[in-house]
Amino acid sequence: MSGTLQRIAPQLIALAALVALVSVFYPAFLSVQMNDGRLVGPVIDVLKRGAPVALLAIGMTLVIATRGIDLSVGAIMAICGAAAAWALASGWGTGAALALALAAGAGAGLWNGLLIAGFGIQPFVATLILMTMGRGVAQLITEGRILTFTDPGFSWLGSGTALGLPVPVWLWLLAGLFVAALMRRTALGLLIEAVGINRRASALAGVNATVLLVAVYVASGLCAALAGIVETADIRGADANNAGLWLELDAILAVVIGGNSLLGGRFSIAASILGALIIQTITTGILLAGFPSEYNLVIKAGLVLVILILQSPRISAEWRLMRDSRRVQPKPAPAKATPTRPAPEDRT
Amino acid sequence: MLLSIRSLTKVFPGTRALDDVDLDIAAGEVHALLGENGAGKSTLIKCLTGAYRRDAGTITLEGAAIDPRSTREAQELGIGTVYQEVNLLPNLTVAQNLMFGREPRRFGMIDPRATRVQARETLARYGLTIDVDRDLGSFSVAIQQIVAIARAVEISGKVLILDEPTASLDAAEVAMVFDVVRSLRDRGMGIVFVSHFLDQVFDLTDRVTILRNGRKIVTTPTKGLSRMTLVEHMLGRALDEATHAPAGAAASAPEPVLYFDGTGRAGAIAPFDLSIGAGEVVGLAGLLGSGRTETAELLFGVRPLQTGSARDTQGPLDLRSPRAAIRAGFGFAPEDRKTDGIVADLTIRENIILGLQARRGWARPMPRAQQNRLADDYIRRLDIRTSGREQPIGQLSGGNQQKAVLARWLAMNPRFLILDEPTRGIDVGAHAEILRLIAELTRQGMAVLIISSEIDEMVAVADRVIVLRDRAHVAELTGDQVSGDAIMRAIAEGDLPGGVAA
Amino acid sequence: MNTRALPLYATIVIFLLACALAWTQFPNILSTRVFGNLLTDNAYLGIVAVGMTLVILSGGIDLSVGAVIAFSGVFIAVMLRDTGLHPLPVFALLLLLTGAFGAGMGFLIDRLAMPAFIVTLAGMFLARGAAYMLSIPSVPITHPFYQTLQGAYVLMPGKGRLTLIGVLMVAVVGLGMALAHRTRFGTSVYALGGGEQTARLMGVNQGRTTVLVYAFSGLMAGLSGIVFSVYTGSGYALAAVGTELTAIAAVVIGGTLLSGGAGYVFGTLVGVMTMGLIQTYLVFDGSLSSWWTKIVIGLLLLAFILLQKGLLRLSRGRLAGGGA
Amino acid sequence: QTVGFSQIGSESGWRAAETTLTRQQAEERGYQLQFSDAQQRQENQIAAIRSFVAQGVDAILLAPVVATGWDSVLQEAQEAEIPVVLLDRRVDSAEDLYLTAVGSDLVHEGEVAGQWLVDQVAGEDCRIVELQGTTGSSPAIDRKAGFEAAIADHENLEIVRSQTGDFTRAQGKEVMESFLQAENGGADICALYAHNDDMAVGAIQAIKEAGLAPGEDILVVSIDAVPDIFQAMAAGEANATVELTPDMAGPAFDALEAYWADGTEPEKFIQTESRLYTQADDPQGEYDRRKDLGY
Ligand SMILES: Nc1ncnc2c1ncn2[C@@H]1O[C@H](COP(=O)(O)OP(=O)(O)OP(=O)(O)O)[C@@H](O)[C@H]1O
Ligand SMILES: Nc1ncnc2c1ncn2[C@@H]1O[C@H](COP(=O)(O)OP(=O)(O)OP(=O)(O)O)[C@@H](O)[C@H]1O
Ligand SMILES: [Mg+2]
Ligand SMILES: [Mg+2]
């Protein structure tokens, strides 16, 4: 436990600093009230609005741990939302619509996984293909319009409340806990990390790299399906054109802010989710502070850069050095951090 | 002195890799740098060439203090280096690797033709006539090793540093490299030579410096030094060198338990028959590129069989993939530990249990206590020098990484273990230990296929030796025939001595 | 025979096949008119893809280029509108700016060991944000010099137009080829892509190479922005959204490995032409709905890449089988 | 006759409807329609027009993604003697480069919406929040400008918050939530002006979830007149919308037919009506009339 805490400390600090910063522009940021059985307040909004990216980040973390990347999650969200809305509009029940959406997500993930693990197409390219195609498929389902529905059970998933908290918050919390437990209570986490660091060596040691890779993309597809369900349920309609548009970039950003390396290997789901919350805090903060919209991008870019620079391996090495040198006696030459990982070379 | 190092210190988190080390290299000498695995040899070299920043100490070259901050600066100062792991780029051609940074240019543009010609000429001096336009990565480790040496020699004006350059070379190549080194010495260069092959040290070097646990123990002339004292200095204790009498040599060959009938693959290895008995050690001998590694990879399912089949006493075996081979009870410690062996960012513990865990499946994680026990056990038995089982394996010294990879396979207790250059880069102490371990395992009935370029090692462990040439099994030596001379002769037969077929 | 050129050959073969296939359906497609259009319409993409090729060869990626193109257009348009400068000094200023921007990203990537994906993603936000801050509405460019640039073309037989920007793109590809394959900088780029640590031990000046390669990409993005502004005659902050992904796709189709260290600049030209051909084919077909357009583009890309893989495997097998 | 149609993309239901109607019109009149989807990118549109020219179509319909930058490609079409008709948005090229433009006046739409609000609040103080379209897009700029012009002389009306909702429902909802949050739980907001109906529909949900009654506590006015907003109006949750008809192709084809027949030059701008719909205009009926048009 304390290990986890230590791992996510930088993200926690960044989040805290960010909250403090937003509070300067919008003092009531931390205020939370109880309003007929549910909590309301900017912070709750952050938790709720961060749900799609947080959910995507869970799957994306696994994909990135295997040294892959999944650019198609935004499109998968659109497909799953469209599928669910189509099912509801054609009179299926809530459960059936949910199942269909999840199956669509798993199917899309399977497609990615097969292209990558089976045909050996580079993850960036394979998922880029689905990123292009997927939105087309989603629009094919909705025929370009916004498919609306009125099913209260389904919309509850997007805007309902359970035990005081919005349902989307529960969704990412539970999904995060479940996946993290699955990774750490079984050997999956270790095997995924091994494949991500050195696929060849892992395969020689008997790790079933192919199946793991496929599984990871399926997991990412499922997470994207959940995110798509949340977004569709939230607006009670499937907007195939815009659902999840460019969210894949936010999800990747979240994973990186969470301190996970894009070169694969060691990963932390908790840290990625914190990364998603950091991004959402920035977004919500900008909205609440009331800047003109043309500044949104610059502010976001600036804040993200600052956070990443402060977390960068070199800078943290310098920090550790400064701390150490204060404790021990100073050394003449400042040590340049030496990378511990051998060069990425996985060609045969 | 050509090069002097004073009070060099380097601290890694948890390890003091170098502690106040002094070293002097004279012009016109070959200076051996010796020590156990993890003694700090490679670290010293990397500090010297600017690959690592040292924490304290001074370096002077020809009387002037130098402080290279990158290997490029060191190269410009006239220090050429072959690092322990082959450090060339697999995606560049041989010529590009060889001439990198010194490409002949015309009108400011690189002249590819001149580059090729020069590269070919350089390699010819090492008896290597290969297609220099092919990617380096398509050649065996040994060829890459020679290219690395040739490159270092070319760029070193004053000092040449060789960190285990001969680890995967066979006798003919070694002789060739030594000729080059001697001629450089005669031209007044200073050469640092790191090796675990003591014979080579006695053969080539003028002085030795011995490191132990990051400290310098002694510097003495090689001549007059006895092998025993050398080893004692290195280990800090005497070594009871076990000379192993192959188990099966005296008795009649054991009843085979595994049969490979007509197994082969076009372009890799011609079809061959092989059977191996419980407790038997079979060696594969041959020149570079003769197809030893290919044989091993075929048997382990890394490259699928095209012809032939495998069976045991119960029936046919499926060898379609490494996983299938592992299910059939096989194990394979590959030659190139960096790309095929270690999983660098994982800890030693995780690396050791990786194979076992993969076999159990993801749903049944091995209890942590059991993992710890296993890891500690092998760290102790193989004498892996580490600050603890939770150290990332990538931070270990080369030899210690090799031991950890071996530990992974030993822990799985396969019935048939394939070892490709298992003792590459392993020090004398651990070497003996590993051979002892192999002997113990074979006594318990494990069959072993061992590939080694070290003929002595082969003679010491193998009951039977199969000789390969040009990607075909050409001879088999059994019983009393297994001797250094006989193997050498069988390898060379019908072949120019040292000739590496292009 | 070096196997590393195989992806390039495979790409060229498939491109020619695709041309032939398109021709059997629409004979019009093989006219100088379409060919001229292909060069002109994809000039900005080709230029930016050359920069992207070098970045990818070095093992990196540059997501900022699309936004930099948009920024360039807006910058030029606003400068021409508000200052009365001649376009040429504005071009010089812009190239300086985008080159420095690229160099800055390269610096962060190298010094702070931050992943290129993320640094350039932030760069993308920043460049587009800066474009917004210059002007939200699109700004027309009315300078007479622009009319000269736009009107500069040679009429080929068959009424095809060989435009200045099309020729410029081909020239840039030539430059990129020389840079990548015939200079020490180019070799260093390949070396970095082959493995950073190894490259460093071999004596590659990693910092300099990284900074230069991103500076080059920034420069190419700026040049592409100029070409784009000539092509559209305006500057618009929302222009060229997603161009970075198209450029990456073109580079990959051209046979360059995304993990770096292997590929050819010429392949990128073929990749760009292939993307252009797909677009042209779809317009000539003209029967697809919006969504089927997307699906078909994806499927064609996939088919292309699978074919490429298949062809590679076939020829590798042939080589290994026959030449051992 | 063969007509090339370069459509911006399929970013909204409204645009899907425009595409559907254009196809229907072409089919009814027996034209062959060459359709090209530009996926929101001007460069794709330019390339498509050039391909149309290379193919030798008889006319080109262009729904331009931005106003600027069409001169040289329009020139090319003109040299090939192919008439070009602009749909729904206009360009700032010289008028002789195209046959005519069919569309509504975006600024006027904003004015109609603003005027409605001015009349509605009748002199009372009103704090307005605005959901903008995609930053930089011409509808966002013009609809904002028109609305601001309409309320400029009325000091009782004031836009207190304005953010982009990217023309989407999801963003409209998210941004509206933050508006509500920032404006005292919504109590300080008197009206919402959204640059399109989709954002308004999203915002209406946000208002409802915040425990307020859209249409009463907060007036909702938006633009486009897509079916879903009529549903909201029928339920009393939205107050007014300004129609932007998706049937641009009809007038365009009429003009083309006249031109082909005897070279009649139509007017340079055929303006479609920007009709205001309120709850009084039988919203349910309007919904039923539109729901199958492909929105
Ligand atoms: N990057 C690193 N981080 C932490 N510790 C390191 C690192 N590199 C080396 N070490 C430690 O420094 C010590 C010396 O390692 P070094 O590689 O110099 O040994 P060596 O003498 O070359 O051994 P070998 O014969 O096995 O090559 C070892 O204990 C090793 O674990
Ligand atoms: N002399 C050579 N000329 C050309 N290619 C060679 C040569 N030697 C090796 N190769 C290439 O190197 C690859 C590896 O060879 P292989 O693994 O069979 O060597 P080996 O017998 O295992 O020897 P070692 O393990 O000592 O390197 C082969 O695929 C072969 O193409
Ligand atoms: Mg070493
Ligand atoms: Mg070998």
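Projecting each Cα onto the charge dipole of segment B:1-133 (Lys/Arg +1, Asp/Glu -1 at the beta carbon, about the Cα centre), which of B:64, B:126, B:109 comes out farthest on the positive side?
About the Cα centre, the residue reaching furthest to the positive side is B:109.
Between the alpha-carbon centers of segment D:210-255 and segment D:274-295, tell me the distance in whole angstrom.
Result: 8 Å between the Cα centres.
On the principal axes of its Cα set, how long, how wide and how thick is segment C:3-313? Give whole Å, largest value first.
The Cα atoms of segment C:3-313 stretch 57, 54, 36 Å along the principal axes, largest first.
May I ask you to evaluate 6.51 cos²θ - 1.76 cosθ + 1.60, the Karplus curve with θ = phi - 60°, for each residue of segment B:323-334 and list the ³J(HN,Hα) values in order in whole Hz, giving x for glycine and proline?
So the Karplus estimates, Gly and Pro as x, are 4, 5, 4, 5, 4, 7, x, 9, x, 8, 9, x Hz.
For chain B, what is the calculated [θ] at 222 nm in deg cm²/dmol (nearest 500), taking -39500 (n - 2.57) for each run of four or more DSSP H residues and dividing by its residue count?
-10000 deg cm²/dmol
If you take the Cα atoms of chain B, find Rg, then find the Kirkwood Rh from the mean of 1/r over all pairs, what is Rg/Rh? Write out the running numbers ahead of the final one.
Numbers: Rg = 23.0 Å, Rh = 23.8 Å.
Answer for chain B: 0.97.
Mind putting a number on the dipole of segment B:338-470 about its Cα centre? Charges go on the C-beta only, +1 for Lys and Arg and -1 for Asp and Glu, and I need it in Debye to the nearest 20.
660 debye
When Cβ neighbours within 10 Å are restricted to other protein chains, what is their mean count per residue of peptide D:2-13?
Shielding by partners across D:2-13 averages 4.
To check my understanding: the extent here is largest minus smallest coordinate of the Cα atoms along each principal axis. What are those three numbers for the protein assembly as shown, in Å, largest first?
110, 77, 69
When the scattering of segment A:15-300 is computed by the Debye formula from its Cα atoms alone, each counted once and equally, what is log10 I(q)/I(0) at q = 0.10 Å⁻¹?
-0.52
Taking amide H atoms as placed 1.01 Å from N in the peptide plane, list the residues 5 or more away in sequence, or in a different chain, whose amide H sits under 5 Å from that of residue B:52.
Residues meeting the criterion, in which the H sits 1.01 Å from N, are B:47.
Taking the Cα centre of chain B as origin and charging only Cβ (+1 Lys, Arg; -1 Asp, Glu), how large is the dipole, in debye to the nearest 20?
Dipole about the Cα centre, nearest 20: 1560 debye.
Once you place label points 7 Å from the Cα toward the Cβ at residue A:25 and residue A:186, how far apart are they in nm?
With each label placed 7 Å out from Cα toward Cβ, I get 4.3 nm.
Rounded to the nearest 0.05, what FRET efficiency do residue B:227 and residue B:6 have when you use their Cβ-Cβ distance and R0 = 25 Å?
Once the sixth-power term is evaluated, E becomes 0.25.
Using the count of nearby Cβ atoms within 10 Å as a rough guide to exposure, how do A:303, B:44, C:306 rank from fewest to most?
Ascending Cβ contact count within 10 Å gives the list C:306, A:303, B:44.
Looking at chain D, send over the antiparallel percent of its DSSP beta bridges, to the nearest 5.
Numbers: 3 of 42 bridges.
So the antiparallel bridges in chain D amount to around 5 percent.
Output the pairs from B:403/C:309; B:41/B:158; B:158/B:223; B:46/B:216; B:41/B:223 with a Cα-Cα distance over 28 Å in this structure; if there are none, say none.
B:403/C:309
Run the quick spin-label model on residue B:320 and residue D:278: label points 7 Å from Cα toward the beta carbon, then report their separation in nm to one decimal.
Distance between label points: 7.5 nm.
How much mean residue ellipticity at 222 nm does chain D get from its helices, if each DSSP H run of length 4 or more adds -39500 (n - 2.57) and you divide by all residues, to the nearest 500 deg cm²/dmol?
Only helices count here, giving -13500 deg cm²/dmol.
Take the alpha-carbon centre of segment A:179-249, take the same for segment B:77-139, and report the distance between them in whole Å.
Answer, in whole Å: 43.
Would you work out which of A:13, A:96, A:50 lies farthest towards the positive end of the dipole of chain A? Charges go on Cβ: Lys and Arg +1, Asp and Glu -1.
Projecting each Cα onto the dipole axis, the largest value belongs to A:13.
Taking the DSSP beta bridges in the protein assembly as shown as the whole, what percent of them are antiparallel, to the nearest 5?
Details: 60 of 136 bridges.
Counting only bridges with both partners in the protein assembly as shown, antiparallel ones make up about 45 percent.
I need the phi-derived Karplus couplings for segment D:215-229: 6.51 cos²θ - 1.76 cosθ + 1.60, θ = phi - 60°, integer Hz, Gly and Pro marked x.
Karplus values, whole Hz, x for Gly and Pro: x, 10, 5, 10, 6, 10, 10, 8, 10, 2, 6, 8, x, 4, 6.
Could you sort D:102-109, B:447-454, C:248-255 so that the peptide with the highest average Cβ count within 10 Å comes first and the rest follow in order?
C:248-255, B:447-454, D:102-109
Cut-off is 10 Å between beta-carbons; in what order do A:36, B:133 appear when sorted fewest neighbours first?
In order of increasing Cβ crowding within 10 Å: A:36, B:133.
Under 5 Å between amide H atoms, partner at least 5 residues away or on a different chain: which partners does residue B:257 have, H built in plane at 1.01 Å?
For residue B:257, whose amide H was placed from the backbone, the distant partners under 5 Å are B:276, B:277, B:278.
Select from B:393, B:343, B:411 the residue farthest towards the positive end of the dipole of segment B:343-413; place +1 on Cβ of Lys and Arg, -1 on Cβ of Asp and Glu, and compute about the Cα centre.
After comparing all options, I get B:411.
Which cross-chain or sequence-distant (5 or more) residues have an amide H under 5 Å from the amide H of residue D:219, H modelled 1.01 Å from N in plane?
Those qualifying (amide H under 5 Å, at least 5 residues apart or on another chain) are D:191, D:192.
Can you give me the Cα centroid spacing of segment C:273-309 and segment C:19-34 in angstrom?
First find each Cα centre; the distance between them is then 15 Å.
Within segment A:166-192, list the residues whose amide N lies under 20 Å from a label point set 7 Å along Cα→Cβ of residue A:6.
A:184-185, A:190
With each label point set 7 Å from Cα along the Cα-Cβ vector, what nm distance links residue B:219 and residue D:23?
8.5 nm
Rounding to the nearest 20 debye, state how big the charge dipole of the protein assembly as shown is about its Cα centre with +1 on each Lys and Arg Cβ and -1 on each Asp and Glu Cβ. Kindly include the intermediate steps, with their values, before the conclusion.
Working: 116 positive and 139 negative charges, 1247 e Å.
It works out to roughly 5980 debye.
Quick note: the coordinates plus some simple rules give every number you see, no bench work behind them. As the structure is a prediction and not an experimental result, all values here were calculated from the model. Note that we place each Cβ from the backbone using ideal geometry, even for glycine, and neighbour counts take in every protein chain shown.
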